[in-house]
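Asker: Input: one structure, supplied below.
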Amino acid sequence: MTLSPVDFATDLYQEHLEETSFLYEQRIAMLDDPEITWVDLKEFEARFDAHIDAMVVGGALAIEVCKEQAAEGDFGELHAAVRVFCRRDRKELVIGVLEDLDPKDAESMQAFSDALKYEFPEDWHDDFFQMLPEDDQKTMPVLADLFGCRRMKQGAALLRVLADTPAGSLSKVIWSLGRLGDESARAPLFKYLQHEDESIRTATALTLLRIGEQQTIQNCLQEVPVKSWAFIPLGLGGSRSEVNVVLEQANAGNAEGDCLAALGLLGDISAVDTLLVHLTNEDLAESAALALNLLSGAEVFEDVFFPVVIDEDELFDEELLKIKKGEP
């Protein structure tokens, strides 16, 4: 059966969306891989961008395919579609996608947010600023992510909604205030160092350190003996005077991964012996190794093969024969 030109083009645009969806998911995984740097992503992102460009020049038919897949496809296709809408200056389509999103769908929410912050046209600024309602759990984290990533000077707007921000969005708003470096956020943020959610305490401590509030270090030192959330802020914002406090916890028999990571971030060689000892602890060996690498910059890595338990009933005959011969 011969496809009509329209059907052929439709299939082609759908294929572009499927490819960009795959590449977007791969990029998320690559960003979590400690052996991959941002430089390594250059060729990968060039492939991704080529697919987006192909849909941007595709005209009205490409837009229709993007609209359909943004509504019915997976979160990667939604991400690609929103990027196309931004490049085609179709603000109404972007807002329409946001309105249809389910705030409980974390993957789609993040995919939309990523697309917007990467492609956001500067002349949309005023319209999106007006979209920051005080009680919208869906719009708030998206705009906080956008303002923080692009460093749009909207600290006053974020501070206005801070007190009424639900816990699920609070970390994003606090992170954005840190990116904006708004010093007027110091006093309003201090109470969140005592928040019941430790991830919010960590976000608050890091934001206050970015703003230059050194009192944060003292707060973290008070929390260290009983709360693990304070270790990373101490490692990032502390100095040699904090090393002994962290070392004391690491040597007290109740060390955890963040404690060892903080020693690596502080970078004092007095921590080397303690970190070497923890290399023999199966639960902490990886954290100790990463801390030693942070401290030394040695970049000493080894690839280790972990055999997978194989269910022979799931193998093809050819694969089963290889297993019986001892072949991989």
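Asker: Residue under question is Ser176, and the condition is that it be buried (at least 19 other Cβ atoms within 10 Å of the Cβ) and of a type in the set (Ser, Thr, Tyr); does it hold?
Answerer: Spelling it out, Ser176 is indeed buried (at least 19 other Cβ atoms within 10 Å of the Cβ) and of a type in the set (Ser, Thr, Tyr).
Asker: If you don't mind, there's one more thing I want to ask. Just one of the numbered conditions (1) over 20 Å from Asp102 (Cβ atoms); (2) at pLDDT below 85 is not true of Lys138; which one?
Answerer: The failed condition is (1).
Asker: Can you tell which of Leu93, Leu98, Leu78, Leu116 is in contact with a Ser or Thr (Cβ under 6 Å, 6 or more places away or on another chain) and open to solvent by less than 30 Å² (accessible area, probe 1.4 Å)?
Answerer: Leu78
Asker: Go through region 231-254 and give me each residue that's buried (at least 18 other Cβ atoms within 10 Å of the Cβ) and touching a Ser or Thr at 6+ places or on another chain (Cβ under 8 Å).
Answerer: Ile232, Pro233, Gly237, Val243, Leu247, Ala250 - these are the residues of region 231-254 that are buried (at least 18 other Cβ atoms within 10 Å of the Cβ) and touching a Ser or Thr at 6+ places or on another chain (Cβ under 8 Å).
Asker: Also, I was wondering about something else. Considering region 139-162 alone, what residues qualify as being on the phi < 0 side of the Ramachandran plot, surrounded by fewer than 17 Cβ atoms within 10 Å (Cβ to Cβ) and not in a helix (DSSP H, G or I)?
Answerer: The one that is on the phi < 0 side of the Ramachandran plot, surrounded by fewer than 17 Cβ atoms within 10 Å (Cβ to Cβ) and not in a helix (DSSP H, G or I): Lys153.
Asker: Out of region 17-38, which residues are among the aromatic types (Phe, Trp, Tyr) and under 28 Å from Val65 (Cβ atoms)?
Answerer: Those that are among the aromatic types (Phe, Trp, Tyr) and under 28 Å from Val65 (Cβ atoms): Phe22, Tyr24.
Asker: Looking only at region 189-236, count how many residues are under 21 Å from the mean Cα position of the chain (by Cα) and outside any helix (DSSP H, G or I).
Answerer: So the count comes out to 1.
Asker: Quick one: which residue in Ile323, Ile310 is over 30 Å from Ile217 (Cβ atoms), touching a residue at least 12 places away in the same chain (Cβ under 8 Å), part of a loop (DSSP other than H, G, I, E, B) and of a type outside the set (Lys, Arg)?
Answerer: Ile310
Asker: Looking at this structure, is Ile52 of a type in the set (A, V, I, L, M) and within 19 Å of the chain's Cα centre (by Cα)?
Answerer: No; evaluated as a whole, the condition is false for this residue.
Asker: Being modelled with pLDDT of 95 or more, out of contact with any strand residue (DSSP E or B) (no Cβ under 7 Å at 6 or more places or on another chain) and assigned to a helix (DSSP H, G or I), is that true of even one residue in region 119-131?
Answerer: Checking region 119-131: at least one residue is modelled with pLDDT of 95 or more, out of contact with any strand residue (DSSP E or B) (no Cβ under 7 Å at 6 or more places or on another chain) and assigned to a helix (DSSP H, G or I).
The values are calculated or read from the model by the stated rules, or taken from the named source; none is laboratory data. None of these values were measured; they are calculated from a predicted model. Note: ideal-geometry Cβ built from the backbone for every residue, glycine included; neighbour counts use all protein chains shown. Please note that ligands, DNA and RNA were not included when accessible areas were found on the heavy atoms of the full protein model with its side chains. Shrake-Rupley method; radii C 1.70, N 1.55, O 1.52, S 1.80 Å.
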